[in-house]
Amino acid sequence: MKKRILPLLLILSLLLCACGAVPQSPAKAEGTLIVHFLDVGQADCALVELGGKYLLIDGGNREDSQLVVSFLEQQGVEELEGVVCTHAHEDHVGGLPGVLAVYPAKAVYAPTKTYASKVFDDFVYYTDQQGLEITIPEPGDEIPMEGLDIQVLGPVKSYAETNDTSLVLRIAFGETVFLFTGDMETAAEDDLLDYWDSQPDLLKADVLKVGHHGSDTSTGYRFLRQVAPEYGVISVGTGNSYGHPNGAPLSRLNQAEVTVLRTDTLGTITATSDGTEVQFTWEKSTVQPDAPAPSETTAQTYIGNKNSKKFHLPSCPNLPAEENQVALPSYDEAIAEGFEPCGNCLK
């Protein structure tokens, strides 16, 4: 019998590898993880710091280059473990050429190597100047940084919409998890959920960098319920012309009892983790973040369809006839009773 055990174990090992990343027990956290969400207006930029090592995620707009470089200098950065461009839009890649012109990096990551814009061409140029090549990671790939478990979860498909090509990063430190989704929109969020359906805990996070500056095209009900964050950070410009953050995702975050921190009201936001809990400080210390309303205010009744087993917001235009309606006191209870969210009002 012993001769059969080894091949069987080998087969099981190969099957596990083929199924993608397998959740592991959290590694013991050593030191303090610091994540700075820079106030770069209507753009995105975050600096991840642990034990004197640094990872930069996005770089704001082109005009933010000097601001970002100055911030890195203030933090004592001399080298970057990695530079991540979540996607090719200028409000994410714009400041990165300036950073790469000043700071050496060990690796550069992006979802593409080509994009029709001058600022992306500059990003490629300064990557080349460092003797590096842009790495396009696949779902399940890891980004090395000592003391952290950084895993790329998406995108899981090819998309024509640039926002949906955003790299999705899961950064775990001890028992705490940060999730960055760039500008990924609801269709790609749903694809992400489907792809990791067998390992749903990979998407759970304490801190969610809210997608697309709080646009209504991101942070869908289904995605938010799966991630179940305690905190949501929105990088957004004061009085921006897009109307971000939109009231609908703010309402969804409130219903999910998520404390929202916004760069337009708080300035640069800093999260620290000891591996068991996350704490926040922010630049404008006299302002407070948006805590969720009391539970009695945030309670939301849903309307289920007895026949289709879909459930809806009361405002949905696709409500069933009154005789086919059933009141459902919460999203989670609707799911538990076998209902599925409406694809129109509960994206």
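Per-structure values
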{"quantity": "Residues being on the phi < 0 side of the Ramachandran plot, in a loop (DSSP other than H, G, I, E, B) and surrounded by fewer than 22 Cβ atoms within 10 Å (Cβ to Cβ) - total across the range 218-230", "calculated": "1"}
{"quantity": "Options LYS106, LYS118: the member that is free of Cβ contacts under 8 Å to residues at least 60 places away in the same chain, out of contact with any helix residue (DSSP H, G or I) (no Cβ under 7 Å at 6 or more places or on another chain) and over 30 Å from ALA29 (Cβ atoms)", "calculated": "LYS118"}
{"quantity": "Residue ID - nearest to VAL207 (Cα to Cα), chosen from residues in the range 236-290 that are in contact with a Leu (Cβ under 9 Å, 6 or more places away or on another chain) and assigned to a helix (DSSP H, G or I)", "calculated": "LEU253"}
{"quantity": "TYR103 being within 15 Å of LEU47 (Cα to Cα), hydroxyl-bearing (Ser, Thr, Tyr) and in contact with a Cys (Cβ under 8 Å, 6 or more places away or on another chain)", "calculated": "no"}
{"quantity": "Any pair with Cβ under 7 angstrom, 6 or more apart, that starts in the range 132-155 at a residue that is touching a residue at least 60 places away in the same chain (Cβ under 8 Å) and ends at one that is of a type in the set (Phe, Trp, Tyr)", "calculated": "PRO139/TYR195; ILE143/TYR109; LEU148/PHE173"}
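One line per residue, one yes/no per condition, for (1) loosely packed, with under 15 Cβ neighbours inside 10 Å; (2) among the aromatic types (Phe, Trp, Tyr); (3) touching a Ser or Thr at 6+ places or on another chain (Cβ under 8 Å); (4) modelled with pLDDT of 85 or more:
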{"site": "ASN254", "(1), (2), (3), (4)": "no, no, yes, yes"}
{"site": "ALA271", "(1), (2), (3), (4)": "no, no, no, yes"}
{"site": "GLY275", "(1), (2), (3), (4)": "no, no, yes, yes"}
{"site": "GLN279", "(1), (2), (3), (4)": "yes, no, yes, yes"}
{"site": "PRO294", "(1), (2), (3), (4)": "yes, no, no, no"}
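The values are calculated or read from the model by the stated rules, or taken from the named source; none is laboratory data. Quick caveat, the model's predicted, so the values are computed rather than measured. We place every Cβ from the backbone using ideal geometry, glycine too, and count neighbours over all the protein chains shown.
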